[in-house]
1. Suppose we filter A:T46, A:T76, A:T116 for residues that are farther than 20 Å from B:K184 by Cα and at pLDDT below 85; which single one remains?
2. Looking at this structure, is B:V130 under 15 Å from the mean Cα position of the chain (by Cα) and open to solvent by 10 Å² or more (accessible area, probe 1.4 Å)?
3. Would you pick out the residues in the range B:256-268 that are open to solvent by less than 60 Å² (accessible area, probe 1.4 Å), facing chain A (nearest Cβ under 7 Å) and of a type outside the set (G, A, S)?
4. Just to be sure I understand, how many residues within the range A:215-229 are in contact (Cβ under 8 Å) with a residue 24 or more places away in the chain, surrounded by fewer than 22 Cβ atoms within 10 Å (Cβ to Cβ) and at the interface with chain B (Cβ under 7 Å from one of its Cβ atoms)?
5. Could you check the range A:168-183 and list, in sequence order, the residues that are small (G, A, S), over 13 Å from A:N97 (Cα atoms) and open to solvent by less than 30 Å² (accessible area, probe 1.4 Å)?
6. So, in the range A:198-214, how many residues would count as being of a type in the set (A, V, I, L, M, F, W, C) and either in contact with an Asp or Glu (Cβ under 9 Å, 6 or more places away or on another chain) or within 8 Å of chain B (Cβ to nearest Cβ) (or both)?
7. Can you name every residue in the range B:141-160 that is open to solvent by less than 40 Å² (accessible area, probe 1.4 Å) and out of contact with any Gly (no Cβ under 7 Å at 6 or more places or on another chain)?
8. Just one of A:L150, A:L138, A:L174, A:L144 is free of Cβ contacts under 8 Å to residues at least 40 places away in the same chain and more than 21 Å from B:I120 (Cα to Cα); which is it?
Amino acid sequence: MTTETSQRADAGMAAFVSTTSRWGRITMTTALLLSLAGPVHLVAFTGVEVGGAQIWIAFAAVAATFGVIWVLEPLTYYPILGPAAMYQAFMIGNISNKLLPAAIVAQDSVNAAPGTRRGDLAAVMAICGAAVVHLTSLLVFVGLLGNWLLSILPAELIEVARLYILPAVLGAVLVQCVATMRRPRPTVIAVVAALLIQFALIPVLPGLAMYATALCVATTMALSWFLRDRRPPGEALQEGDTDPVPSDPHTQPAKEGR
Amino acid sequence: MASLNPGPSEGLSAVLPPGPPPAPSAAPPTADGATDLLSVANSPVIWLCALGVFAAIFVQTFVYMRAARTVGPEVGMSRTDLTGAFRAGAVASIGPSLAVVLVAVALLALFGTPAVLARIGLIGSAGTEVASAGIATGTAGATLGGTGYDASVFALAFIAMSLSGGMWMLATLLLTPVLERGGKKLASANPALMAILPCGALLGAFSMLTVTEIPKSGIHLVTVIASAGVMVGCLLLARALDARWLKEWALGFSVIAALAVAYLAHAA
C-alpha cells in the first residue's frame, strides 16, 4: 500500500486507541468503585458484624493465593487482546471460557490474524458482541428468572454444569484455536509444554500449579520465536495487517506465514 | 478473569486448613440464618451497585463499537467485516453464556442475586470468585454454605471477593499503558516477533488450561474429549459444506454436547 494510506491508517488507529483507552479507563474505574461500594455499604451500614481486622485477614489470605495472578493475568492476556480489549475483558470477566473463544471465532470468520490491526478490531467487535449476549442473558436468566430457574431445574443438571463447565468449554476452544491459527510449530510447542508442565513439573513442584498458565504462555512464546520457521522472511507475516479480505475465507485454507 | 488457578476445589483445600483464629463472635447458625443472609445479600443498594456495573459495561461497549466503526475503513476493515466480527462473537458466546448462567443459578443460594451477577457473571468467574469466598469464609472459621455461614460471614466473603476482583482491575489499569508503550517499541523494532507472540500466547494459554482439566477425574477427561471431538466434527463439516454459520455455532454445540456427556457419565 502507499505511504499515504499507511499514514492515514496509523493516525486512525492512534485515534481509536486513544478513544478506547480513555473510555476504557473511565468505565473500568467506575465499575471498580461500584463493585467495592456494595460490600462496603454492607459492612458499614447494615447490622452485620465484620471488623476491620477480619477484613484484612481475609484479604491477606486471598492475596496469598491470587496476589501473583492479579499481575500475571493481565500480562498473560495482553499480547492476545491488545490494549483496547484489555479494559473490556477484565471488566466483563470469564476471559478464557468466553471472551477469547469469541475473539478467535470472529478473527477466523473475517480472516484477520491476531496481533494485527484487523485482528485487534475483530477482537474488540467480537467482545462487544459477546458482552451484549452475556449481559442480556445474565439479566434475564439470572437477574429476573434466576430464583425461578433454581426451583425448576434438576439439581443434578446444575451440579454437572458447575463441575464440568471448564472442560466442556476448553476442549472445543483448544481445537478451534489450533484450527484458526494454522501454525503447526507453535501448536506442537504449546501442547508439549503444557503436558510437560502438568505431568512432569507440577508433580515435583506442586506450588507451581497456580502459575502453570503463565509459565506455559511464556515458554510457548519464547520457544515459538526461537524455533520459528525462518524460511519466509518477516514481510510475509505482516500481510494480514493490510491485505484486503478475500471474499470467502473458507475456500482458501492457507494463511499468511506458512 | 480467573482461570489461571487450578480451580475452586483445589484452591480451597490447599489454603483453608491452617485458618487463623475462629470468628470472634460468629453467631451460631440459626433456623432463620439463611433468610437473614439472603435479605442482606439482596438489599436494594447491592442491587443498584450491581446494575451500575452492567451500565458501565454497556456504555463501554457502545463507545468501543462507535470507535471501531470510525477507524475500520482506514485499516482495511469494512462495515461488513465489523458486523461479521460482532455477530461471530455474539453467536460464539451463546453456548458459554448459557453455561455461565447455569453455574450462576447454582450459586444464588450462597451469595444472593446481585452479588452473583456482579461477581460470577461479570468481573470474575465462578472458579476464582468461589475460591476467594471460600478462603475468606475459612478465615472466619466457617465453611461456604455450611456451618457458621451467616450474614456477617457472607459480608466478609463478599468484600474479600470484591477486593480481589478490584486488584485485578487495578493491575489492568496500571499495566495496560505500560505494556502498550512496550508493545509499540517492540512492534516497530521487530514486527515478525509481534506476529508470533500473540499466537504463541494464545496456544500456550489454551493448551495449559485444557491440560489442567485432564487429571482432575475420568469424567473431566471424557468431557474434554467430547468437547474437542464435537468441535473437530463441526469444523470439518463447516469446511465440507462451506457453512460459515456452523463455525460460529460450533462452540455452543460443543459445550452443550460435552455437558450432556458429562451428565450421563456423572449419573452412571
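1. A:T46
2. Judged against the criteria, B:V130 is a match.
3. Scanning the range B:256-268 gives a single hit, B:L259.
4. Matching residues across the range A:215-229 total 2.
5. Residues satisfying the conditions do not exist here.
6. Number of matching residues: 5.
7. Step one: filter the range B:141-160 for residues open to solvent by less than 40 Å² (accessible area, probe 1.4 Å), giving B:142, B:146, B:148-160.
Within the range B:141-160, B:G146, B:Y149, B:A151, B:S152, B:V153, B:F154, B:A155, B:L156, B:A157, B:F158, B:I159, B:A160 meet the criteria.
8. A:L174
The values are calculated or read from the model by the stated rules, or taken from the named source; none is laboratory data. In this text the structure is predicted, and so the values were computed from the model without any measurement. Note: ideal-geometry Cβ built from the backbone for every residue, glycine included; neighbour counts use all protein chains shown. Each accessible area value is taken on the protein alone, full model and side chains, heavy atoms only, with ligands, DNA and RNA left out. Shrake-Rupley method; radii C 1.70, N 1.55, O 1.52, S 1.80 Å.
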